[in-house]
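Engineer: Could you have a look at this structure, given as structure tokens, before my questions?
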Amino acid sequence: MEKFTGDYKAEERKMLAGEDYNGGDPYLDELRKQSRHKVKALVETRDEPEKYKEAVRNLLGTTTDGNAKIDLPVFFDYGCNTHVGKSFYMNSMGVILDCARVDIGDNVMIGPGVHIYTGEHPTDPKLRLGGPDIARPIRIGNNVWIGGRSVILPGVTIGDNVTVGAGSVVTKDVPDNVVVVGNPARILRHV
């Protein structure tokens, strides 16, 4: 990135460290632009399996087995901050705003229209107008199914062997071996 000078990665470091940062920083804008180009490569290679696998690997931070499948359309803020395990599947219309790290375990299925948000803004309107952004990481365990149109909010950890019912809004951590539903998501039963 030759056009940037000085400590041009300072805002990215703050973002990934969970500190207040400037989301309108030119270097972060460039990284988001690169993500859009990488998503475009998914679209262009969708019917060519080997090229598609390479496009997925180029988009995501890491893929454990190289067999991650992402249906289109999809949106990532950065892509490189999302790390997925074996047998990852994300249905169409998914959104991952990965301003902070998103770690997704093995055997995870994400339904259509699921949104995963790591970024948040101040609730004070004076601070929100031109103020700092902040991002908190999300962790999704192994053997998780997230039903369509669910929303995962910043800082949430979802345990292993969890089902998130369609349309749920997950606002706090979810333990292992449960089904959660609703807004806000609550434990329906243990499995």
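Engineer: Given a 1.4 Å probe, how much area per residue of the range 31-110 is accessible, in Å²?
Structural biologist: Per-residue value: 46 Å².
Engineer: Peptides 94-100, 80-86: what's the order by average Cβ count within 10 Å, highest mean first?
Structural biologist: 94-100, 80-86
Engineer: Now for a separate question. Counting pairs of Cα atoms in the range 81-191, how many percent are more than 17 Å apart?
Structural biologist: 51 percent
Engineer: May I ask you to derive the FRET efficiency for residue 67 and residue 123 from their Cβ-Cβ distance with R0 = 30 Å, giving the value to the nearest 0.05?
Structural biologist: 0.15
Engineer: Moving on to the next point. Measure off 7 Å from each Cα along the Cα-to-Cβ vector at residue 187 and residue 171, then give the distance between these two points in nanometres to one decimal.
Structural biologist: Roughly 1.8 nm, to one decimal.
Engineer: If I take every Cα pair under 8 Å that is 6 or more residues apart in the range 49-138, average their sequence separation and divide by the length, what percent do I get for the relative contact order?
Structural biologist: RCO, the range 49-138: 22 percent.
Engineer: Using only the Cα atoms of the chain, build the gyration tensor, take square roots of its eigenvalues as a ≥ b ≥ c, and label the shape rounded, prolate or oblate: rounded if a/c is under 1.5, else prolate if a/b is larger than b/c, else oblate.
Structural biologist: Oblate, since a/c reaches 1.5 and b/c is not below a/b.
Engineer: Which percent of the accessible heavy-atom area of the range 49-191 goes to carbon and sulfur, probe 1.4 angstrom?
Structural biologist: Answer for the range 49-191: carbon and sulfur cover 55 percent of the accessible area.
Engineer: At a 10 angstrom cut-off on C-beta neighbours, averaged per residue, how do the peptides 3-15, 24-36, 132-144 rank from highest to lowest?
Structural biologist: Final packing ranking: 132-144, 24-36, 3-15.
Engineer: When the Cα centres of the range 1-43 and the range 139-191 are compared, how far apart do they sit, in Å?
Structural biologist: Here the answer is 29 Å between Cα centres.
Engineer: Given a Förster radius of 30 Å and the C-beta distance between residue 149 and residue 48 as r, what FRET efficiency does 1/(1 + (r/R0)^6) yield to the nearest 0.05?
Structural biologist: 0.50
Engineer: Normalising by the residue count of the chain, find the relative contact order in percent from Cα pairs under 8 Å and 6+ residues apart.
Structural biologist: Contact order relative to length: 13 percent.
Engineer: Now a separate question. How big, in percent, is the set of alpha carbon pairs in the range 42-104 lying more than 15 Å apart?
Structural biologist: That fraction is 45 percent.
Engineer: Would you list, by chain and number, the aspartates and glutamates whose Cα falls below 17 Å from the Cα of residue 3, excluding same-chain residues fewer than 8 positions away?
Structural biologist: 11, 12, 25, 29, 30
Engineer: How many lysine pairs are close in the range 28-170, with Cα atoms under 17 Å apart and the two 8 or more places apart or on different chains?
Structural biologist: Close lysine pairs found across the range 28-170: 10.
The values are calculated or read from the model by the stated rules, or taken from the named source; none is laboratory data. Since we're looking at a predicted model, the values are computed, not measured. Quick reminder, even Gly has a Cβ in these numbers, built from the backbone with ideal geometry, and neighbours come from all protein chains shown. Please note that ligands, DNA and RNA were not included when accessible areas were found on the heavy atoms of the full protein model with its side chains. Shrake-Rupley method; radii C 1.70, N 1.55, O 1.52, S 1.80 Å.
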